[in-house]
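Notes to accompany the following structure.
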Amino acid sequence: MKLADLAQHLGATLTGDPDQTITGVATIETASPGQLTFVANPKYAALARTTGASAVLVEPDFPEIAPATLRISNPYLAFAHAIELFHQPPSYAPGIHPSAVIAPTATIGANAHIGSYVVIGDNAVIGDNAILLPHVVIYPNVRAGNNLFAHAHAVVREFCQLGDNVILQNGAIIGADGFGFAKQKDGSWYKIQQSGPTILEDDVEVQANACIDRASLGETRIHSGAKIDNLVQVGHGSTVGQNTLLCAQVGLAGSTIIGKNVILAGQVGVAGHCTVGDGSIATAQSGIPSDVPPGKVVSGYPAVDNRQWLKTVAMINRLPDLLKSLKSSAKNNEK
């Protein structure tokens, strides 16, 4: 693709030879002539001067560099669109593999691709244009909207509901039993029936081996546009707000309420019955034992304001020197 055509497709302003041919995309460290890369993080800005790429997506005020530049307000998003031009994922023709097991009472929409060994239970309803890859299991009475894409070994349990454009990566489990047990007189645990469904609204993606548990009562709901990363655990009866990101290994205990546009970075844990307000951010490995107000950035355990946490960590790193100083002062005073 000519650089001028690429710039026009992305809506970027081109500085450089419009007739250069771009054949692919790559990271800024590994790019070679003929490839496009991007700079969205300031710490990579210096690499833009040494990259082997023929062209670099940058913000409008980025300094001039030797490679051609495509200037646009959101280089990261533009690069995502550029990848789609050069990488074509597999396509799946409509049809049902003979090894699939589909209940006679199930309803499958138009243009569905049902792969080998897929199982679809009684009274399940799957919308149009679904792609269910091998070994996907849809339990009875599931309701799924249009354009469901379920990768191999994804499971959707009974009575769960999925909106349009839902993506389930490999091994995602939607609606497994919540972790609910009542202690009996003899000390053993009595399992509490998990009667409420898990509901994923439109445009939700759940990535590999994440678990969104069903509720004991009521529902577990993931609102539209939320993205759930690998190995995330969403406890029973929890709510995750619109366009929220739960990064890898986040854990939500039961009945947690996460607002919209929240980012919980890797390995964040949230205690049960807590509310995390709209637009808040928790940095990696934070532990949240109580409510977080909207718009806050928190860190550490127990999670506190990020600036306070950074000051605390800086102080901890100084403790050995402070201890030495105290010991030295004590010795001087003894003399």
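Odds and ends about this structure:
- Net charge of neighbours whose Cβ lies under 14 Å from the Cβ of residue 281, counting Lys and Arg as +1 and Asp and Glu as -1: +1
- Dividing the summed helix terms, -39500 (n - 2.57) for each DSSP H run of n ≥ 4, by the number of residues in the chain produces a 222 nm estimate of -5000 deg cm²/dmol to the nearest 500.
- Gaussian network model of the chain, Cα within-10 Å springs - most flexible of 282, 314, 46: 46
- The stretch 3-86, dipole about Cα centre (Lys/Arg Cβ +1, Asp/Glu Cβ -1), debye to the nearest 20: 200
- Charge-dipole axis of the stretch 154-335 as Lys and Arg at +1 and Asp and Glu at -1 on Cβ define it, positive-most pick from 298, 279, 194: 298
- Rg/Rg_ref, the stretch 95-209, where Rg_ref = 2.2 N^0.38 Å and atoms are Cα: 1.15
- Computed from point charges on the beta carbon alone (+1 for Lys and Arg, -1 for Asp and Glu), the dipole magnitude for the stretch 11-163 about its Cα centre is near 320 Debye.
- Cut-off under 5 Å, modelled amide H: who pairs with residue 292 long-range: 275, 276, 277
- Net length gained if the chain between residue 332 and residue 45 were fully extended (0.36 nm per residue, minus Cα distance): 98.2 nm
- Rg in Å to one decimal, and Dmax rounded to a whole Å, for the chain via C-alpha atoms: 25.5, 93
- Taking each residue as 0.36 nm, the span from residue 93 to residue 29 lengthens on full extension beyond its C-alpha to C-alpha distance by 19.3 nm.
- Dipole of the chain, positive direction: furthest Cα of 67, 8, 326, with charges on the beta-carbon: 326
- Within the chain, the selection of entire DSSP H helices by a Cα span of 24 Å or greater along the long axis and an average Kyte-Doolittle value of at least -1.0 returns 306-334.
- Cα gyration tensor shape for the stretch 154-335, rounded if a/c is under 1.5, else prolate or oblate: prolate
- Full extension of the chain segment joining residue 2 with residue 61 gains 18.9 nm, where the gain is 0.36 nm per residue of separation less the Cα-Cα distance.
- DSSP assigns beta bridges within the chain; of those with both partners inside it, close to 15 percent run antiparallel.
- Per residue Cα convex hull volume in Å³ - calculated over the stretch 3-86: 76
- Other residues within the sphere of radius under 13 Å centred on the Cβ of residue 318, judged by their own Cβ, net out at +1 (K and R +1, D and E -1).
- Considering only 229, 213, 321, the Gaussian network model of the chain with Cα springs below 10 Å gives its largest mean-square fluctuation to 321.
- Ordering 15-25, 215-225 by mean Cβ neighbour count within 10 Å, with the highest value first, yields 215-225, 15-25.
- Size of charge dipole - the stretch 185-233 - debye, nearest 20, with Cβ of Lys, Arg +1 and Asp, Glu -1, no other charges: 320
We did not get these values from a lab; they are worked out from the coordinates using the rules stated. No experiment lies behind these values; they were computed from the predicted model shown. Ideal geometry is used to build each Cβ from the backbone, glycine not excepted, and the neighbour counts take in all protein chains shown.
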